[in-house]
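Novice: Have a look at this one before I ask anything.
Any read-out appearing in this document is the output of simple, stated calculations on the displayed coordinates, not a laboratory observation. These figures come from a predicted structure and were not determined experimentally. Cβ atoms come from the backbone with ideal geometry, glycine included; neighbour counts cover every protein chain shown.
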Amino acid sequence: MKNNFKIHSIALCKNEADVISSCLLEAVKWSDYIYVYDGGSTDGTWEIVQSLNHPNIIPWKSDGKTFKEGLRAEVFNEFRGNSDVGDWWWQLNVDEFYEESPKEFLSRIPTWENLVHGIMAEYVLTDWEIGNLDFKKDFKDLRDEFRHYYVAWSEPRGFRYRKKLHWDENSAWPKHVGLSARKRILYKHYPSRSPEQLKIRYQTRVDNRNRGFEGWKEDTEGWRNTIRNSKDFIYDDGSRPLKYDKSIVPKHLEKSYIRIAKRIVHGLGVLP
């Protein structure tokens, strides 16, 4: 196993007070650095980050910029000097948790593969959760009580650092980030954690859309539409690994001829 690398996690957040400490303290077990960029929270999120006082959690700044994926590039360009060649940079959304340590997972990625994708198991708030969970509990104590999820999505989660990488602030990922790894890491996503949190999440997203962000296509019913029927989802009975239909997860690998070309041009140093 190759584990002589560091993991630099980028955490963008806004109004996530109920989950932020749980996520960061869990992620710092496998992250060597967590750089936190707060989007101008009004619910105490930024103050919680600052109060954690952990040497590997770096509260970088809080401002009111409209959200865009390229904000992570600002963090990367500010702190890339902490990197050595072969380190990994990781997208850490503060409502996501890993059962397998990304550190251990990344140690098994071949040196010629430079981009890792994740498979998302999204836990949902259903009629069952509404009827059975005590939302007064801290989320760290409540997380394992969520029972309903679905798996239908895959997207990049991290890339291997090279000195010539360029990441501009209009892009979600660096240019020529490299060859995709065949293996994907599974992670749990908890965007819906309580009725009250759903209201805050919805309003935060509407605010960003009103200021120009084109993602997050919330419908006119708002937060209420995210409370689901439990019968439509997979039930988490505690068995591992999580069960899901792999055939419905989007494919992530480049076509064979593109993979061959990428391996050659990156290996020769033509591209980073």
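Novice: Take 154, 51 and order them by how many other Cβ atoms sit within 10 Å, fewest up front.
Specialist: Lowest to highest Cβ neighbour count: 51, 154.
Novice: Follow-up. I want to verify the translational diffusion coefficient of region 155-218 in µm²/s; compute it with Stokes-Einstein, Rh as the Kirkwood radius over Cα pairs, at 25 °C and 0.890 mPa s. It would help to have the intermediate numbers written out before the result.
Specialist: On the way: Rh = 15.2 Å.
For the chosen part, D equals 162 µm²/s.
Novice: What is the percent of Cα-Cα separations in region 1-102 that go past 22 Å?
Specialist: Distances greater than 22 Å cover 25 percent of the Cα pairs.
Novice: Can you give me the C-alpha center-to-center distance between region 25-47 and region 194-213, rounded to a whole angstrom?
Specialist: 19 Å
Novice: Right, another one. Treating only the Cβ atoms of Lys and Arg (+1) and Asp and Glu (-1) as charged, compute the dipole magnitude of region 1-124 about its Cα centre; round to the nearest 20 debye.
Specialist: Using only the charged Cβ atoms, the result is roughly 420 debye.
Novice: Under 1.5 on a/c is rounded, so check that first for region 107-246, then, if it is not, pick prolate when a/b is larger than b/c and oblate when it is not; a ≥ b ≥ c are the square roots of the alpha carbon gyration tensor eigenvalues.
Specialist: It comes out oblate by the Cα gyration axes.
Novice: I need 65, 262 ordered by Cβ neighbour count within 10 Å, fewest first.
Specialist: Values: 65 14, 262 20.
Sorted ascending by nearby Cβ count, the order is 65, 262.
Novice: Which value in Å does the Kirkwood hydrodynamic radius of region 5-47 take, with 1/r averaged over all unlike C-alpha pairs and then inverted? Provide the component values of the computation, followed by the final result.
Specialist: Values: mean 1/r = 0.0930 Å⁻¹.
Taking the inverse mean of 1/r over all distinct Cα pairs, region 5-47 comes out at 10.7 Å.
Novice: In addition: Taking other Cβ within 10 Å of each residue's Cβ, how do 201, 80 sort, fewest first? Please list the in-between numbers first.
Specialist: Numbers: 201 22, 80 15.
Starting with the residue having the fewest Cβ neighbours, the order is 80, 201.
Novice: Mind listing which GluC sites (Glu not before Pro) in region 87-142 are in a DSSP loop and have 13 or fewer other Cβ atoms within 10 Å?
Specialist: Working: sites: 96, 99, 100, 104, 113, 122, 129; in loops: 99, 100, 113.
Sparse-neighbourhood loop GluC sites (Glu not before Pro): 99, 100.
Novice: Could you tell me what percent of the DSSP beta bridges with both partners in region 7-267 are antiparallel, to the nearest 5? If you can, show how the numbers build up before the last one.
Specialist: Working: 17 of 41 bridges.
Taking every DSSP beta bridge within region 7-267, about 40 percent pair in antiparallel fashion.
Novice: Let me ask you something else. Give me the tail of P(r) for region 7-267 as a percent: Cα-Cα pairs with distance above 23 Å.
Specialist: Details: 18670 of 33930 pairs.
For region 7-267, the share of Cα pairs beyond 23 Å comes to 55 percent.
Novice: Next question. Beyond 22 Å between alpha-carbons counts as too far, so tell me which of 6/164; 199/231; 29/164; 68/103 fall in that bin. Walk me through the numbers before you get to the answer.
Specialist: On the way: 6/164 18 Å; 199/231 24 Å; 29/164 29 Å; 68/103 27 Å.
Those over the limit are 199/231; 29/164; 68/103.
Novice: In the chain, with Lys and Arg counted as +1 and Asp and Glu as -1 at Cβ, which of these residues, 54, 35, 86, has the Cα nearest the positive end of the dipole, that is, farthest along it?
Specialist: Among 54, 35, 86, the one farthest towards the positive end of the dipole of the chain is 86.
Novice: Quick one: putting +1 on the C-beta of Lys and Arg, -1 on the C-beta of Asp and Glu, what dipole do you get for the chain around its Cα centre, in Debye to the nearest 20?
Specialist: I would put it at about 1400 debye.
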